[in-house]
Amino acid sequence: MAVREVLVYPDPRLKQVSAPVTDLGDSLAALVADLRDTLASRPGVGIAAPQIGEMRRVVLIDVSQRFPERPARIFVNPEILEVSDKRIFREGCMSIPDFTANVLRGYRVRVRALDEHGQPFELDTDELEAIAIQHECDHLDGLLFLDRVASLKTDVFRRKGVPKSVPLPT
């Protein structure tokens, strides 16, 4: 278990498609522990394995600070089955620390995955948890939230007080 370095754009690994998880043993348990430790060390509600250089389809979502009734969840090989009630949301990302942007996402989703013990489940959720699931699942497909922005000129915002260290894609 360890806090891992989070990859930052333009690291090319962030644009790779992740492989499905086939080994549900000790290597998955170690990855899950690292995801938990890394997310706990930073502001955010989700992290995907590719963000720490692990090209496997594993996501951790934890909105429990804002919604105590919703526990942290691990999604192994997640598949979004349904997206509804699309709205514009302001998003940020640990891998693009200097920017936020307006992104069109579903307010509600249904997702199917395995838990960290290999047990299948489906989840219907909404609000921040639904948005985070969509955002983190995009990481598994090599997509960043900037890839979903309609206009880089009008919808992307530099966070206040941060240096100009991350170039926007052209």
#### Entry: segment 22-35 - phi-based ³J(HN,Hα) in whole Hz, Karplus 6.51/-1.76/1.60, Gly and Pro as x
10, 9, 9, x, 5, 5, 5, 4, 5, 4, 4, 4, 5, 4
### Gain in span if fully extended, Leu104 to Ser84, counting 0.36 nm per residue against the direct Cα distance
6.1 nm
### Task
Report, in whole Å, the centroid distance computed from the Cα atoms of segment 115-158 and segment 19-90.
10
### Task
Compute the acute angle (0 to 90°) between the alpha-carbon long axis of helix 127-140 and the principal axis of greatest extent of the alpha-carbon atoms of the chain; round to the nearest 10°.
90
### Principal semi-axes in Å for segment 48-99 [√(5λ), Cα gyration tensor, largest first]
19, 17, 15
### Query
Contour minus end-to-end for Lys153 and Asp124, with contour as 0.36 nm per residue of separation and end-to-end as the Cα-Cα distance?
7.0 nm
### Message
Run the numbers for Met55 and Arg13: contour at 0.36 nm per residue of separation, minus the present Cα-Cα distance, in nm.
### Response
14.3 nm
### Task
Calculate for the chain the 222 nm mean residue ellipticity that helices alone would give, adding -39,500 (n - 2.57) per DSSP H run of length 4 or more and normalising by residue count, nearest 500 deg cm²/dmol.
-6000 deg cm²/dmol
### Summary
Computed ³J(HN,Hα) along segment 48-60: with the Karplus parameters 6.51/-1.76/1.60, θ = phi - 60°, integer Hz and x for glycine or proline, the list is 10, 3, x, 5, 10, x, 9, 8, 10, 7, 9, 9, 10
### Task
State, as an integer percentage, the relative contact order of segment 12-158 based on alpha-carbon contacts under 8 Å between residues 6 or more apart.
26
### Message
Take Ser64 and Arg112, extend 7 Å from each Cα along the Cα→Cβ direction, and tell me the distance between the two endpoints in nm.
### Response
2.8
### Query
If you rank Lys15, Lys153 by fewest surrounding Cβ atoms within 10 Å, what's the result?
Lys153, Lys15
### Task
Based on alpha-carbon positions alone, could you give the equivalent ellipsoid semi-axes of segment 12-158 from the gyration tensor, as √(5λ), descending, whole Å?
23, 17, 14
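No lab work stands behind these numbers, since they all come straight from the coordinates. Values in this document were obtained by computation on a predicted structure and should not be read as measured data. In this analysis, Cβ positions are derived from the backbone assuming ideal geometry, glycine residues included, and neighbour counts consider all displayed protein chains.
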